[in-house]
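Encoded as structure tokens, the structure appears first; notes follow it.
The values are calculated or read from the model by the stated rules, or taken from the named source; none is laboratory data. Given the structure is predicted, the values throughout are model-derived calculations rather than measurements. Virtual Cβ from ideal backbone geometry, glycine too; neighbours counted across all protein chains shown. Accessible surface areas use protein heavy atoms only, side chains included; no ligands, DNA or RNA. Shrake-Rupley method; radii C 1.70, N 1.55, O 1.52, S 1.80 Å.
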Amino acid sequence: MTERTKKVKMLSPVMKRNNMIAVQNRKTITDSKLLCINLISSPGAGKTTLLERLAERLGGRLAVIEGDVQTSRDANRVNRAGSYAFQIETGGSCHLDAGSVSEALQEMKPFRDEWEFLVIENVGNLICPSGYFLGEHITAGMLSLPEGDDKIMKYPALFTRIDTLLLNKIDLEAQLRFDLKRAENECRSLNPDVSIYRISAETSQGLDELIRYFESERTQVYS
Amino acid sequence: MHELSLAVEVIHMAEGELVPGFSLKRITLSVGMLSSVNPDSLQFCLESLLEQKGHRSVQLELNRIEALLLCRDCGIQYKTADVYEPCPGCSSFHREVLSGRDLIIDSVEMTGEE
């Protein structure tokens, strides 16, 4: 018997297992012809308010998975506004992972025929959710004007991987010193193909255009 | 604060490579600059979990990896630790991130008798 040392070269991303589950999620979502959006922002940026407005417009066409540390308040808000919502309580975890979304998708079955869009509202946080692919078609990052126009480069992990930037609370532009051009340019400086929407969930400004974008993305995915 | 879940996964993956009769000796990780992983916090979580799971004196090597960017104006690729820096070739900010977003287990070493 001699003491031996073995070295195994792995070069494996730690997200490998998460990403494999995310690919299964994508299949579940695609089988029902849903367009899935992973919505990420800091707490209070207006994610749930946006979903309420979308629910009022899309009604039965929209299904929502709500990720929160605690309470089903957000799911109730979306329900009251007219769309189906499923609440995940993470019990302390600062992000959703593909596994928790997979469990939610199983519990939501059977999917309703009328559903066209599935929005996953992630836990309010600009850091932790950014590494976890959930199986979505569109990763949307939301930044609200009161947070400041310098936040894009401060949280590059999120803003360099998003497909869509939503600049929310645009109705407050006159009251705030938020340089929209600066935020948009900084986002494009690391993410040249990002699409950007200026919206106000409060006043519904820009929401028709945002819905048209989701509709055209869905048509592209399933045509 | 997602480093704890990452540490759980790292140890799960490392244990998956263990040959019967061998014990973990060293885990080498690459932490991308844009991975939103705090290396100190990951190291702390790994040390605590390894001890709890009975893995004694495992060496951890965490290497910070710079981001690799592609300049869309002049076409050069360059590594940087600071995304506020423009392209060193043409000073453009019109760039694409090629790598540096991942946390990767490079290798696992183990010792045992055979």
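Total residues in the stretch A:152-201 satisfying the condition of being more than 10 Å from chain B (Cβ to nearest Cβ), surrounded by 17 or more Cβ atoms within 10 Å (Cβ to Cβ) and of a type in the set (Lys, Arg): the figure is 2.
Checking the structure you have, find out if any residue of the stretch A:45-63 is within 14 Å of chain B (Cβ to nearest Cβ) and closer than 27 Å to B:Glu3 by Cβ. First the steps, then the outcome.
Of the residues in the stretch A:45-63, the ones within 14 Å of chain B (Cβ to nearest Cβ) are none.
No: the stretch A:45-63 contains no residue that is within 14 Å of chain B (Cβ to nearest Cβ) and closer than 27 Å to B:Glu3 by Cβ.
Within the stretch A:29-60, being part of a loop (DSSP other than H, G, I, E, B) and either at pLDDT below 95 or open to solvent by 10 Å² or more (accessible area, probe 1.4 Å) (or both) holds for A:Ser32, A:Lys33, A:Ser42, A:Pro43, A:Gly44, A:Gly46.
Among the numbered conditions (1) away from chain B (no Cβ under 14 Å); (2) closer than 30 Å to B:Leu68 by Cβ; (3) more than 16 Å from the chain's Cα centre (by Cα); (4) not in a helix (DSSP H, G or I), the only one that A:Gln220 does not meet is (4).
Filtered by the rule that a residue be open to solvent by 50 Å² or more (accessible area, probe 1.4 Å) and under 16 Å from B:Val10 (Cβ atoms), the stretch A:1-19 gives A:Lys9, A:Leu11, A:Lys16, A:Arg17, A:Asn19. Remark: pairs (first residue in the stretch B:77-97, within 10 Å of chain A (Cβ to nearest Cβ); second residue open to solvent by 80 Å² or more (accessible area, probe 1.4 Å) and outside any loop (DSSP other than H, G, I, E, B); Cβ separation under 8 Å; 6+ apart in sequence or on different chains) = B:Phe93/A:Asn185; B:His94/A:Arg188.
Can you tell which of B:Arg26, B:Arg64 is among the charged types (D, E, K, R) and either away from chain A (no Cβ under 11 Å) or in contact with a Pro (Cβ under 8 Å, 6 or more places away or on another chain) (or both)?
Of B:Arg26, B:Arg64, the one residue that is among the charged types (D, E, K, R) and either away from chain A (no Cβ under 11 Å) or in contact with a Pro (Cβ under 8 Å, 6 or more places away or on another chain) (or both) is B:Arg64.
Scanning the stretch B:64-76 for residues that are touching a residue at least 24 places away in the same chain (Cβ under 8 Å) and out of contact with any Leu (no Cβ under 7 Å at 6 or more places or on another chain) yields B:Arg64, B:Ile65, B:Glu66, B:Cys71, B:Arg72.
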